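A short worksheet on the structure shown next.
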Amino acid sequence: MDSANRFLHVPLVNSEQMRSRPCPVPAAAGVYGWWFDEIPTGVPAAGCKRRGEWTLLYVGISPKAPPRNGAAPSRQTLRSRVRYHFHGNAEGSTLRLTLGVLLAEHLRIELRRVGSGTRHTFSLGEQQLSAWMAEHARVSVLEYPTPWTLEEELIGALDLPLNLDQNRNHSFHNELSARRRAARMAAAELPVLPR
């Protein structure tokens, strides 16, 4: 079975399992996929891969490809990245930013500038987003030594409406980009919140 096929069949992990010891997600390089049993309104998911009630909407990697300028490579792992997606904030997680924008009305949250005013999070709404993800999101992970090469293959082969990078030809790309941009513009009009 090739790597892309294996990726689609590895076990799904939930938020609670990410906090357990031993953690089922390795501290290694690889690819992760986000599966949902509730699709945010307006997301076209008809062509997405499914496993029972779970639909694959997004893939990511950790670490990112090494910089070409000789800078030190990222030290992130699958475990640290997936934990951040589950429990971090929108400033450090493209997935959380996207989900928060798509679920803003449903969860009654809004993107805000925080701290110095250059960072964007959902402020107290991050807790609601984490709770929604704990209930409706699962992640699959596959160790892979050069995850950026497999990510490119997966984005080219799968219907992944929540991926923007390397996915410009997806029918949802322009709408998702516009909604994220509108959320940032709206945040720019509101007062900056303390951290």
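Of note:
- Residues within the stretch 31-52 that are open to solvent by 70 Å² or more (accessible area, probe 1.4 Å) and either hydroxyl-bearing (Ser, Thr, Tyr) or not in a strand (DSSP E or B) (or both), tallied: 3
- Test: residue in the stretch 70-82 that is in contact with a strand residue (DSSP E or B) (Cβ under 6 Å, 6 or more places away or on another chain), of a type in the set (Lys, Arg) and assigned to a helix (DSSP H, G or I): yes
- Of the residues making up the stretch 83-108, those that are in a helix (DSSP H, G or I) and either aromatic (Phe, Trp, Tyr) or at positive phi (or both) are Tyr84, Phe86.
- Within the stretch 80-103, the set of residues being open to solvent by 70 Å² or more (accessible area, probe 1.4 Å) and either more than 25 Å from Ile39 (Cα to Cα) or free of Cβ contacts under 8 Å to residues at least 60 places away in the same chain (or both) comprises Tyr84, Glu91.
- Total residues in the stretch 134-176, condition among the basic types (Lys, Arg) and within 25 Å of Ala27 (Cα to Cα): 1
- Within the option set Leu111, Leu124, being touching a helix residue (DSSP H, G or I) at 6+ places or on another chain (Cβ under 6 Å) and over 27 Å from Val31 (Cβ atoms) holds for one residue only, Leu111.
The values are calculated or read from the model by the stated rules, or taken from the named source; none is laboratory data. In this text, all values refer to a predicted model and were calculated from it rather than measured experimentally. Counting neighbours? That spans all protein chains shown, and the Cβs are built from the backbone with ideal geometry, glycine included. SASA here: full protein model, heavy atoms, side chains in, ligands and nucleic acids out. Shrake-Rupley method; radii C 1.70, N 1.55, O 1.52, S 1.80 Å.
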